[in-house]
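Trainee: Pasting a structure below so you can have a look.
The values are calculated or read from the model by the stated rules, or taken from the named source; none is laboratory data. Every value quoted in this text rests on a predicted model; they were computed, and no experiment measured them. Backbone-built Cβ (ideal geometry, glycine too); neighbour counts: all protein chains shown. Side chains are part of the model used for accessible areas, which takes the heavy atoms of the whole protein and leaves out ligands, DNA and RNA. Shrake-Rupley method; radii C 1.70, N 1.55, O 1.52, S 1.80 Å.
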Amino acid sequence: MIAGSQVTPLMDERDGIADAVAVAASGDGGRILVAMRSGKVAIRDARSGEMALVSCSCEPDGLARLRGSAAFRLNGFGDGPVWILDASGEQPRIVFVAAAARSEQ
C-alpha cells in the first residue's frame, strides 16, 4: 500500500455480503461481483456505485467468466444443473442449464 493512501471497501457486510465464496470483475471492469454461499450474488456497478443483489436456488462455488464480459458460471459440473449469471443487461438474471439425462445400459 502507498503511504498515506486509504482503503475503501467496494462491498461489505453493510451491503449484505456474508460467506463470500468468490469475487470477480466483468471483462470491461465495469462491474464487481461477489458470490455467496447463500445463493446470492452481489453486483456493484464500479462507475455509479449502484448495487444489485440477485438470488438463485443454488449454492455458488465460484464465478467462472464465460464468453462475453458479464456471464459467469456459478457452480461446477456435476449431476445437477449448471447455474449461470448473466449480468450484461439492465436487470441481471440467473438461469440454469439442466443436466443431461444419463442413459442406462
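Trainee: Would you be able to say whether some residue in the stretch 13-21 is among the β-branched types (Val, Ile, Thr) and modelled with pLDDT of 95 or more?
Mentor: Yes: one or more hits.
Trainee: In the stretch 41-72, how many are open to solvent by less than 60 Å² (accessible area, probe 1.4 Å) and either assigned to a strand (DSSP E or B) or of a type in the set (Asp, Glu) (or both)?
Mentor: Residues that pass the stated criteria total 10.
Trainee: Being out of contact with any His (no Cβ under 6 Å at 6 or more places or on another chain), among the aliphatic types (A, V, I, L, M) and either in a strand (DSSP E or B) or under 25 Å from Ala100 (Cα atoms) (or both), is that true of even one residue in the stretch 1-14?
Mentor: no
Trainee: Just one of Ser38, Ser26 is open to solvent by less than 20 Å² (accessible area, probe 1.4 Å), under 26 Å from Thr8 (Cα atoms) and either among the polar types (S, T, N, Q) or in contact (Cβ under 8 Å) with a residue 60 or more places away in the chain (or both); which is it?
Mentor: Ser26 is the lone residue from the list that is open to solvent by less than 20 Å² (accessible area, probe 1.4 Å), under 26 Å from Thr8 (Cα atoms) and either among the polar types (S, T, N, Q) or in contact (Cβ under 8 Å) with a residue 60 or more places away in the chain (or both).
Trainee: Please count how many residues of the stretch 73-88 are charged (D, E, K, R) and surrounded by fewer than 15 Cβ atoms within 10 Å (Cβ to Cβ).
Mentor: Matching residues across the stretch 73-88 total 1.
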